[in-house]
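The values are calculated or read from the model by the stated rules, or taken from the named source; none is laboratory data. Quick caveat, the model's predicted, so the values are computed rather than measured. Heads up, the Cβs are rebuilt from the backbone with ideal geometry, glycines too, and the neighbour counts pull from every protein chain shown.
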Amino acid sequence: MSRTILVTGAAGFIGSHVAEALLGRGDRVVGVDNLDLYYAADRKRANLAEVMQSLAETARFVFIEADVRDRTRLLEIFERHPIEAIVHLAARAGVRASIEQPHLYYDVNLIGTLNLLDAARRNNTGNFVFASTSSVYGNTKQIPFIETDICDRPLAPYAGSKRAAEQLGFTFHHLHGVNFTALRFFTVYGPRNRPDMMAFKVADSIFFNREVPLYNSGQVRRDWTFVGDIVAGVLAAVDRPLGYEVINLGRGEPILLSDFVHLIEDQAGRKAHLVPAPIPDTDMVATCANINKARRLLGYQPKTSVPAGVAAFWQWYERTVLASG
């Protein structure tokens, strides 16, 4: 049955894919994004254009340029549209960048989430799905990362803001009965990747000779997870009100950063301009998701191998970035 779903961050990397998938299965989507200048707004408009081009008809998609920090505007949106579920992907992104602007990160990521939770409470919205991050685990000793970890030692303001938002979700569940599922994403990549993310930076380095730091000589392991698999997990969470849950979305098969870079270089047939660099204090040496809970509660099963995902990313990069540059 078709529903009306609010997707915040709808013009972003993951948000545009989520909106597209919801529309593709017949839902109505109210997309909200403030087109923040963390990276070029033109890239976000291009994401929206791709979503629109993929649809036979667009009457079920409403896009609203708005900021989740604007509580009054959010309440107006809920008054005008019968929102039945929320996918909250809007955030101030960037682990390392959060060091320089911690107040901004907490304002967007925590207060913005509070505004949406309050709107959900006021309007009896059925389900709230929140995009969290593997960064909340910090330098945990529990590998693979498991949701029962206390996660009380964030390495950067970004991670701290996301963990605080998870806890705020529990408060609203406890006091007001809001269904709140926090999905901890693990190193998402794929078509429409943000320009500050590793896959995009390596591709740009190859063709525009831009330096890319290679941390610890590439001996850093990440649980690279293709955006299509993440989207499948998000949609499953939308369809399953679970009370309050925190769930990992990854592959559970981390690979070295150096190997990931080589896969992109193989697609391009050229080498990136890599510069040795130490691991920043904000970063973990390895990430690895235990996805047993996601399998059990969401029926989640990642399907895209890293080589296949890199190939899909590269095809998009060639078709959009290189063709327009």
task: Of the conditions (1) part of a loop (DSSP other than H, G, I, E, B); (2) at pLDDT 95 or above; (3) under 30 Å from TYR215 (Cα atoms), LEU37 clears all except one; give me its number.
output: (2)
- request: Output the number of the condition that GLU211 fails; it satisfies all remaining conditions of (1) surrounded by fewer than 18 Cβ atoms within 10 Å (Cβ to Cβ); (2) free of Cβ contacts under 8 Å to residues at least 40 places away in the same chain.
  value: (2)
- prompt: Which number in (1) assigned to a helix (DSSP H, G or I); (2) touching a Lys or Arg at 6+ places or on another chain (Cβ under 9 Å); (3) surrounded by 22 or more Cβ atoms within 10 Å (Cβ to Cβ) marks the one condition that ASN115 misses?
  reply: (3)
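Select from the stretch 11-66 the residues that are of a type in the set (Gly, Ala, Ser) and within 20 Å of VAL188 (Cα to Cα) and list them in ascending order. Give the steps one after another, and end with the answer.
As a first pass, look at the stretch 11-66 and keep what is of a type in the set (Gly, Ala, Ser): 11-12, 15-16, 19, 21, 24, 26, 31, 40-41, 46, 49, 54, 56, 59, 66.
Selection gives ALA11, GLY12, GLY15, SER16, ALA19, ALA21, ALA40, ALA46.
Conditions tested, residue by residue: (1) within 19 Å of PRO302 (Cβ to Cβ); (2) not β-branched (Val, Ile, Thr).
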| residue | (1), (2) |
| --- | --- |
| GLN219 | no, yes |
| ARG222 | yes, yes |
| LEU235 | yes, yes |
| SER258 | no, yes |
| GLU265 | no, yes |
| VAL275 | no, no |
| ASP281 | no, yes |
| MET284 | no, yes |
message: Quick check on my filter: what residues within the stretch 258-317 are on the phi > 0 side of the Ramachandran plot and free of Cβ contacts under 8 Å to residues at least 12 places away in the same chain?
response: GLY269
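Give the residue that is surrounded by the most Cβ atoms within 10 Å (Cβ to Cβ), with candidates limited to residues of the stretch 131-144 that are of a type outside the set (Gly, Ala, Ser) and either in a loop (DSSP other than H, G, I, E, B) or more than 19 Å from the chain's Cα centre (by Cα) (or both). Walk me through how you get there before you give the answer.
So in the stretch 131-144, the residues of a type outside the set (Gly, Ala, Ser) come out as 133, 136-137, 139-144.
Cutting the leftovers down to either in a loop (DSSP other than H, G, I, E, B) or more than 19 Å from the chain's Cα centre (by Cα) (or both) gives us 139-144.
Values: ASN139: 10, THR140: 18, LYS141: 5, GLN142: 12, ILE143: 15, PRO144: 20.
Here the answer is PRO144.
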field: Cβ pairs under 7 Å, 6+ apart, first in the stretch 224-252 and farther than 21 Å from PHE170 by Cβ, second among the hydroxyl-bearing types (Ser, Thr, Tyr) and part of a strand (DSSP E or B)
entry: TRP224/TYR189; PHE226/TYR189; VAL227/TYR189; GLY250/THR225; ARG251/THR225
- prompt: When GLU84 is evaluated against the numbered criteria (1) under 20 Å from LEU183 (Cβ atoms); (2) in contact with a helix residue (DSSP H, G or I) (Cβ under 9 Å, 6 or more places away or on another chain); (3) of a type in the set (D, E, K, R); (4) at pLDDT 95 or above, which criterion, by number, is the only one it fails?
  reply: (2)
task: Say whether the condition of being assigned to a helix (DSSP H, G or I), within 27 Å of ARG319 (Cα to Cα) and touching a His at 6+ places or on another chain (Cβ under 6 Å) is met by at least one residue in the stretch 225-244.
output: yes
message: One residue is enough: does the stretch 267-278 have a residue meeting the conditions farther than 18 Å from ARG222 by Cα, assigned to a helix (DSSP H, G or I) and not aromatic (Phe, Trp, Tyr)?
response: yes
message: LEU55 - would you say it is modelled with pLDDT under 95, part of a loop (DSSP other than H, G, I, E, B) and touching a Lys or Arg at 6+ places or on another chain (Cβ under 7 Å)?
response: no
message: Suppose we filter the stretch 145-198 for residues that are more than 18 Å from VAL18 (Cβ to Cβ), in contact (Cβ under 8 Å) with a residue 24 or more places away in the chain and in a loop (DSSP other than H, G, I, E, B); how many remain?
response: 7
